[in-house]
Amino acid sequence: GVPGDIFYGLITMKKPDRNFHQWLMGTLANMPPERRVNTLWAYNNSGYVLLQALVENVTGKPYADRTARTLFGRMDMRSSSFDDTLAPSRTMTRNYSPAVGPDGQPTGDMKADPREYVNGWTAGSILSSAQDMANYLRTLVGGGTLAGKGTSASVGGRSAEGRVLKERTLRRMTTAQTDLAIDEQVHIGLSWFLKDSWLGRTFGHDGATTRNFSMLQIQPEQRLGVFVSTNTVGGSAVADAIASRALELAFTAKTGVTKPPPVSLPDPGPRTPTDVELREAEGIYAGYVGYSTVIVDGDSLQLSLVKGGDVTNATFTQMSDKWWRTDADPNLQIAFQTIAGRRVVVARNGGGTEVNRQILGEKVPPQSPPRRWRAAAGDYQVTLKPKFATDLIPTQLRLKVSPGLSLLELGPTESPERQVLRRFSSDHAFTFGLSGAGGRRKGDIVWLKGDRIEYMGVTYTPVR
């Protein structure tokens, strides 16, 4: 029910923001919940900041001190801490981004950027070293014991052995915690993303700031783990690809099992849809950072995906299993389903080692925005202090309000992120929809405050 994943102040440049925790707690305390507990899973960094406050209130000890003793100390991770102010800048890797010339175009070179600070400690602030991360991996593949199965090993010139986590604790961490029908595509333990594939059961998690991107993946049965970290804008895809491929190669080297060929989606033959099926499919579906419009064209469906500045069109025809296929992409099929009372469009994708399913969007019901919201439509701009990492915060937004489709457009006007708005009251509304990311970016609260708009804790003023 926490309304939105608040990034404002989460990361700052050059120096930390010591007031972030107090500000976030006050901001969340004044926000109404977007949904009831246990109705939908959603990734939310703000929830982890709340978790830090909970641990500190229960234990009566600062979070960084407690974790240094109970976690990092036991795993011989002496260079690691949640408090990222402890490490001198000279010991830190540099951050880089593409250099831009006087004309505003990339020069092809890279420039060094200021140091980042993650003020929401439990949401990604850990500083570590390669040796420390190796010890972390060894603890995870060792079933909670650093040296693995109770044996000893030399770590950093010292003998290290002993249990860090109880086996049942680690099992719970890597066991799916959600069993809601709407979350059928999401398998997440206590923070770990879980996956079943040709590698067997694996778990892992990525991490990102504006300049640093990491990926950690574990195959526990074969006691394999990999960690990749990059320090350049755009490094997220690289870290993910390298980690996945490295784990695959290690798995093959250890077991002799090779990666299976790509799978194709089923094609059971055509079917003529009923009028009811066509009528129920037609409409607008709100997804992660855009929306899709589905209209009936005879016995076919025309789907237009609006994402950023791009519009992608495709024609879908129904098959006998009631899934819809398109000649535009043989590795994509869609179906219209009702899950937990929510009308959604689901995709299944081929081309990989298994067929993957994910929710693309949720159907937008009719709505009647109040007059005050219609009057507030227009362009808005934010002014941020230089210390904030503006990469995570839209500096401009546009509010479009109509009975058919109300949108909050975030970012540059030529390529905005579009979020559908619903559940209007006189002074606030929520972003709406579903996607493969669960409820993330949905349930963000938007306030009307005088002639200003507040979105995710950030205030925007009208562009005159």
**OP:** Using label points projected 7 Å from each Cα along Cα→Cβ, tell me how many nm separate Asn231 and Thr315, to one decimal.
**Re:** 5.4
Original post:
Applying the Karplus parametrisation 6.51 cos²θ - 1.76 cosθ + 1.60 with θ = phi - 60° to the phi angles of the range 356-366, what ³J(HN,Hα) value in whole Hz is obtained for each residue in order, glycine and proline being reported as x?
Top reply: 9, 10, 7, 7, 8, x, 10, 5, 8, x, x
Subject >> Over the range 2-124, relative contact order from alpha-carbon pairs under 8 Å, at least 6 apart, % >> reply: 39
Subject >> Sulfur and carbon atoms: percent of accessible area, the chain [1.4 Å] >> reply: 51
Subject >> Net lengthening on full extension, Glu56/Glu167 (0.36 nm per residue, minus Cα-Cα) >> reply: 37.5 nm
Subject >> the chain, dipole about Cα centre (Lys/Arg Cβ +1, Asp/Glu Cβ -1), debye to the nearest 20 >> reply: 1480
Subject >> Surface/4 of the Cα convex hull for the chain, nm² >> reply: 25.5
Subject >> Estimated FRET transfer efficiency (Lys14, Thr383; beta-carbon r; R0 22 Å; 0.05) >> reply: 0.75
Original post:
What is the gain in length, in nm to one decimal, between Asp206 and Thr459 on full extension, counting 0.36 nm per residue of separation less the C-alpha to C-alpha distance?
Top reply: 88.1 nm
Original post:
Among residues other than Asn313 whose Cβ falls under 15 Å from its Cβ, what is the net charge (Lys/Arg +1, Asp/Glu -1)?
Top reply: -3
Original post:
Taking every pair of alpha-carbon atoms in the range 1-117, what share in percent sits in each 5 Å bin, from 0 to the bin with the longest distance?
Top reply: 2, 9, 13, 15, 16, 15, 12, 9, 6, 3, 1
Subject >> Burial ranking of peptide ranges 424-432, 113-121 (average Cβ count within 10 Å, highest at the top) >> reply: 113-121, 424-432
Subject >> Cα Rg, Dmax, the range 152-300, angstrom units >> reply: 21.8, 73
Subject >> Coil-residue trypsin sites (Lys or Arg not before Pro) of the range 301-403, DSSP, other Cβ within 10 Å capped at 16 >> reply: Lys322, Lys387
Subject >> Under 5 Å, built H, 5+ apart or other chain: amide partners of Gly142 >> reply: none
Original post:
Quick one: if you stick a label point 7 Å off each Cα along the C-beta vector at Ser426 and Leu86, how many nm between them?
Top reply: 5.1
Original post:
Around Pro462, with a cut-off of 10 angstrom between Cβ atoms, what is the net charge of the other residues, counting Lys and Arg +1 and Asp and Glu -1?
Top reply: 0
Original post:
At a Förster radius of 25 Å, what calculated FRET efficiency corresponds to the Cβ-Cβ distance of Gln302 and Leu405, to the nearest 0.05?
Top reply: 0.90
**OP:** Please give the per residue accessible area of the chain, computed with a probe of 1.4 Å over protein heavy atoms only, in Å².
**Re:** 50
Subject >> Three-way shape label, the range 269-399, alpha-carbon gyration tensor, a/c 1.5 >> reply: prolate
**OP:** Would you calculate, for the chain, the mean residue ellipticity at 222 nm contributed by helices, counting each DSSP H stretch of 4 or more residues as -39,500 (n - 2.57) and dividing by all residues, to the nearest 500?
**Re:** -5000 deg cm²/dmol
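The values are calculated or read from the model by the stated rules, or taken from the named source; none is laboratory data. In this text the structure is predicted, and so the values were computed from the model without any measurement. A quick note on method: Cβ atoms are made from the backbone with ideal geometry, for glycine too, and the neighbour counts reach across all protein chains shown. The protein model used for the area step is the full one, side chains on, heavy atoms only, and it has no ligands, DNA or RNA in it. Shrake-Rupley method; radii C 1.70, N 1.55, O 1.52, S 1.80 Å.
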